[in-house]
1. May I ask you to give the solvent-accessible area per residue for the chain, in square angstrom, as obtained with a 1.4 angstrom probe?
2. Before rounding to the nearest 500, sum -39500 (n - 2.57) across all DSSP H runs of length at least 4 in the chain and divide by the residue total; then give [θ] at 222 nm in deg cm²/dmol.
3. Please identify the chymotrypsin sites (Phe, Trp or Tyr not before Pro) of region 90-126 that satisfy two criteria: DSSP loop assignment and at most 11 other Cβ atoms within 10 Å. Which are they?
4. Compute the relative contact order of the chain as a whole-number percentage, counting only Cα pairs closer than 8 Å that sit 6 or more residues apart in sequence.
5. Which aspartates and glutamates, if any, have their Cα less than 15 Å from the Cα of Lys32, not counting same-chain residues under 8 positions apart?
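The values are calculated or read from the model by the stated rules, or taken from the named source; none is laboratory data. The structure displayed is predicted, hence computed values, not measured ones. Positions of Cβ are generated from backbone atoms using ideal geometry, with glycine treated the same way; all protein chains shown enter the neighbour counts. Just so you know, the surface numbers come from the protein's heavy atoms only, side chains and all, with ligands and any DNA or RNA stripped out. Shrake-Rupley method; radii C 1.70, N 1.55, O 1.52, S 1.80 Å.
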Amino acid sequence: GWIQQLSEISGCPKERIFVVPGNHDVDRGIIKGSVQIQNVQHAIASTPLASREWKFKQQLRDETTGQLLFQAHSAYNEFAAPLGCHIWPAKPFWHQDIPLDDGVSLRIYGLTSTLLSGREGNDDKERNLYLSPLQTVLDPAPNTLNLVLCHHPIDWLEDGEAVDDALNARAAFHVFGHKHKQRLQMDPSYVRFAAAAVNPSRNEQPYNPGYNLI
């Protein structure tokens, strides 16, 4: 199947392939055709930032609105489920552990920056997405290093300042995408990677395909 093909192309074992949803994984047609989904996204996005976590949790916990919030991610979930990277209302992000040497583990968190993506079927704008403290708790564990994967970088999140503080304090490695600009930021307590795009649009200037090896 496709997982085996991806494994062969990348040279990674199937157990070491991880994915997170990006804006192109969100089916905007589903959102555009559903006033109910638009209402759920609006209810969260229109709540002042100081109270938004409560509203976000309320919508996730409701049997109807929680499912609506994930409908536009159904194709992503079908793709990601065999990798253990699917998401649902009770678990809007995932984490998996990789044992390293000397009793140390790497815990990879896949954060979902796209639950408010594609509102009313429109393109996203900087600072209009939301991650929430629900996804950035990253409880400490003995002999465990945290690595965070998130499609949208900090400056695309309305709660970006709080997310930045949380990740800087709790995760040793940060990997972001979306901008198609390869960058590396090193700090005494963390390393942050901005990923290039393997196959960007030919119309994108500068056209600079690339990938990261960590």
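1. With the other protein chains kept in place, the chain gives 56 Å² per residue.
2. -8500 deg cm²/dmol
3. Passing sites in region 90-126 do not exist.
4. 16 percent
5. Here the aspartates and glutamates satisfying the reach criterion relative to Lys32 are Glu120, Asp123, Asp124.
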